Every structure is written in structure tokens, then in C-alpha cells.
1. Can you compute 3J(HN,Hα) from phi for each residue in region 241-250, using the Karplus curve 6.51 cos²θ - 1.76 cosθ + 1.60 with θ = phi - 60°, rounded to whole Hz and x for Gly and Pro?
2. Evaluate the relative contact order of region 54-193 (contact order divided by residue number), counting alpha-carbon pairs under 8 angstrom at least 6 apart; express in whole percent.
3. Working out 0.36 nm times the residue gap between Lys380 and Asn239, then minus their Cα-Cα distance, what length gain in nm do you get to one decimal?
4. Which net charge results for the neighbourhood of Val224, defined as the other residues with beta-carbon distances under 10 angstrom from its beta-carbon, given Lys and Arg at +1 and Asp and Glu at -1?
5. Could you work out how far apart the two model spin labels at Glu465 and Asp101 are, taking each label as a point 7 Å from the Cα in the direction of the beta carbon, and quote it in nm?
6. Please list, in order along region 328-335, the HN-Hα scalar couplings obtained from phi with the Karplus expression 6.51 cos²θ - 1.76 cosθ + 1.60 (θ = phi - 60°), rounded to whole Hz, x for Gly and Pro.
7. Would you compute the Debye intensity of the chain from its alpha-carbon atoms alone, equal scatterers and no solvent, and pass along log10 I(q)/I(0) at q = 0.07, 0.12 Å⁻¹ to two decimals?
8. Would you please give the FRET efficiency between Glu485 and Glu211, computed as 1/(1 + (r/R0)^6) with r the Cβ-Cβ distance and R0 = 25 Å, to the nearest 0.05?
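Nothing in this text is a laboratory measurement; each read-out follows from the coordinates by a stated rule. Model, not experiment: these values are computed from the prediction. Using ideal geometry, Cβ is built from the backbone for each residue, glycine included, and neighbour counts are taken over all protein chains shown.
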Amino acid sequence: MYQVKRMRMMVGIVAAALLWGCGATPAAPAATATVLPTVPPTATAVPVVASGVSFAGTSVAGKTQADVAAVLATFRPPAYEMNVSAGDQSLAMTLTKLTLDTEATLSAIMAASAGSTVAPVFVFDEAEITAQLDAWQAEFAAQSGVSLVDGEGFYDASFVTGTAQTFVVADARDAVLAALANQQSTVTLQLQPMSEPVLPSATQLQEGINEMAANWPGIVGVYVYNLDTNEVVATLNENTVFSGASVMKVSILIHAYANLSEFTDDDVRAMRRMIIDSDNLAANRMLAASVRGVGTESAYQGTLSMNEMFKSLGLEHTYQNLPYEAREYLINVLNYNIQGGPKQEGQPPFTDADPMLRTTPAEMASVFVELYRCSQGEGKLVELYPDTLNAERCGEMLDLMHQNADYSRMMSGLPEDAYVSHKSGWIEDMQADVGIITTPNNQHFVMAVYVYRDIAESGGYLLDEVAGPVIGGFARLIYSAYMPETATK
């Protein structure tokens, strides 16, 4: 029994040994790591601008970002031109207050494809854009709503107004900025009708005056001044020297009021004849009375005193060196040495102006402006003559001038409901009319119109029936700029 067990145990040991020798796997040894050779890292390539790329006329191909930045640092933006259109009108907008957007321009250059041209990216000044649109808006409305209509003949034209169109400046500015952001040089604005008719612009009036004057075979002088805004509205040869003629009698009237605190009945009658009927001898009487004298010699002293008044008002080419119709007596009889002005004086074009009695449209208009200001209790005349000139007395002068009996010149072109205080004058080769006009809707302006024609070239004196309608035509045109007719649909 014991032997059997021992034999079994031995068999088991042998079997186990056989099994181990035939199939069991012993533990594998640890693997050894493979050592690779060391390779130095490759440097990152610096980006450069693509080939053929240019900026502002300069090649930037192959340049690094730092190189391009240096180029942009020296770039000075030029004025930028922008065309803004609305309806059938356009505005050439010039923008000068702009700066280069360096970062955006640099990025555009670095990202540009080969052979391309990169435009600069600008930052624009909104205030500059708004200012130009503001200025254009009023002009635009007038141009779109007002037209100059020709009547019969060369000197018959007036303004007619209708429904104007306009644009909203803020919306227009945004549209311009959007176009600029997209590097566009044109933009079209949206329009909307205005609720009220508009007045002609100063530009339109100026163009109308120029066109009408081109028909006259001589020299036309015009000066229009807005008394409500204290602005010169339109001019033409305003500094050309013309003969003073009888328009100067308004200055004689002012001089008399400035030097006399009271008038006799004879003075009043003389002033009325001088202004209403343009009587020369009555004018001489008031020249003499203004220096408290009588007769031609005192009238001459009155002209000298009046010339000093002109100088005090700052007038350079306005003077009267002789009373009316007194040349023969003072020079040939009394041997007065009276000097006249030079043959050519003031600015061209030149007229054959009376050397003893001269003015310009601008200077004579300024006399009327100061008279109006005096009627408001202000201005140079009140400052120069505080004891004699005031609103009431200057108002008296305007009332007298309103009674002027001459309806063949300025008044021939004005409607009956216009209130006009004016004085006309005429000699062989020149006629004129200057006045203060008040419209029914209480607008106030001064208008001076002078027409000259060479006697030798024209073949004779400048007659009333020729010059009167011309002056009336200019008056009609100018008045219609303040009171245009309303177009009927």
C-alpha cells in the first residue's frame, strides 16, 4: 500500500517535470531602447508680401510686415474726391481731413494676392462730410424747386418756385461713410419732397444777372444787399465808377438832415422837388442850406462838406466836386480851381464817368444801407451825427424817397405791393436807380442798378425808353429772387 502511494507520488513529480519541459514559457528579459540621432529644429519662415503687389504706386512685393509698416509710416494721405449725386444734381466732395488706417492697410497688403494693387484704408472726418452736405442741401433745394423763366425780350426774366426736393443730411452722411468704407467714390442719395416752396439761391440770382447783363451793349453795374441778414447777395461790376447823376441827391438829403436840426418851409419844398421831381436847382439850394448859406458858392461849400461825410463813411470813389449846372459859373466866371477825378478810376471795366460827380454801385448802395440802419436807430450815420440823425428823422427821408415820381426805371419792373424808397438818375450815356425795397412778407433789401453805353459807339444819347425797361428788367429779376411766382401744376 505504501509502495503504491510512493509510486503515484513519483509519477506525479515526473509528469510535472515533463509538462514543464514541454510547454511552460519562462519570463522574457526587458527590451533595450533604440537611441535616435539628434536633428536641429527648422526655423519658421517670415511672411512676405506676394510678388507683384503694389501700394500707392510703390512696389511692396517681397517686403516683410516690418518693412511694409515702415512704408506706411511715410505715407501722407492726399485729398480724397467723392461724387455725391441726388436727382439730376451732383456734389464734388473733396475730403482733406482724413488719416490712414495703418493696421487695416497693413493687413490688406500682407494678405494681397500676387500682382494686385492695394488701396489705402482711410478714416474720414464725419464733421467735414456733414459740413459739406449741409452747405449743399440749401443750394440743392433751391436748384430743384426754382426755375428762371424767360419772358419777352432780353430783359424780361423772373424766378418761379414749385415743390422742391431735399435729402436728410444725417442719412446722406451715413450713405457717404458706407460708400467710403467700401472704397467707392460715388454715392446716390434718396430724395424727398419739401413741404414749403423755396427761394432762389444767391448763385441762381447771380447767374440770372450775368446772363441778362450779357445782352446789354455796354457796362452794367449791380449790387444787391440783404438788410435782414446783412449779406451781399449778388454783384456785377460793383466797383466800376459810374457818373453820380441824380442818385447823388439822396446823399444831399442825408447831408442836409445831418447838418440841420430844423427845416424851413422853403427847405421842405426844395427837398421834395429834389427827391420827387429830381430838380437840380432844388438840390443846389439844399447843398447851400446844409452849410447855412445861399447861392452857388455856398452850394459849392456844401459839396465839400458832403465829400467829407463820404470819407467818414469810408467811401473812396463817391464824391461831388461841383453843384449841379454850376461848372460855367464857378470855373469860367469865378475862376475856381476845381479838380475832377482821373479819366479812369476804380476797377475795370471803365465808363466815361463825369469827373466831378462819381460813385460806384457798391458805394452808393452802402449809403442806402446806412440810411436804412439809421431808420432802425443804429449804424454809422447815427454814430457820426448823434445830435441830428435818429430813427425818426431817417424814417422821414425814406418816406420822402417813397414818393419819388419816377416810374419808368426801377419801378417799371416791380409790383404795386412792393414798398420802395428809391432815387434814379440819368445823363447822356448812363442811367441808374438805387432803392430800398420792402416785400409784402417784410423782407428788406437794397438794389442798385447802373447801365452805361458809349455814345460814340451806340450812335446817340441813352434814351429813357431804352434804358428804363432794362433797369426795370433787372429790378424784376432781383425782386423775384425774394418773391418768386408760384408755379401752377
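1. These are the phi-based 3J(HN,Hα) values: 7, 10, 4, x, 6, 7, 4, 4, 5, 5 Hz.
2. Details: 173 pairs, mean separation 33.9, N = 140.
Normalised by residue count, the contact order of region 54-193 is 24 percent.
3. Computed gain between Lys380 and Asn239 is 48.7 nm.
4. Numbers: positive: none; negative: Glu231, Glu238.
Local net charge: -2.
5. 7.3
6. Here the 3J(HN,Hα) series is 4, 5, 6, 8, 7, 8, 8, 6 Hz.
7. -0.58, -1.05
8. On the way: r = 18 Å, r/R0 = 0.74.
E between Glu485 and Glu211, to the nearest 0.05, is 0.85.
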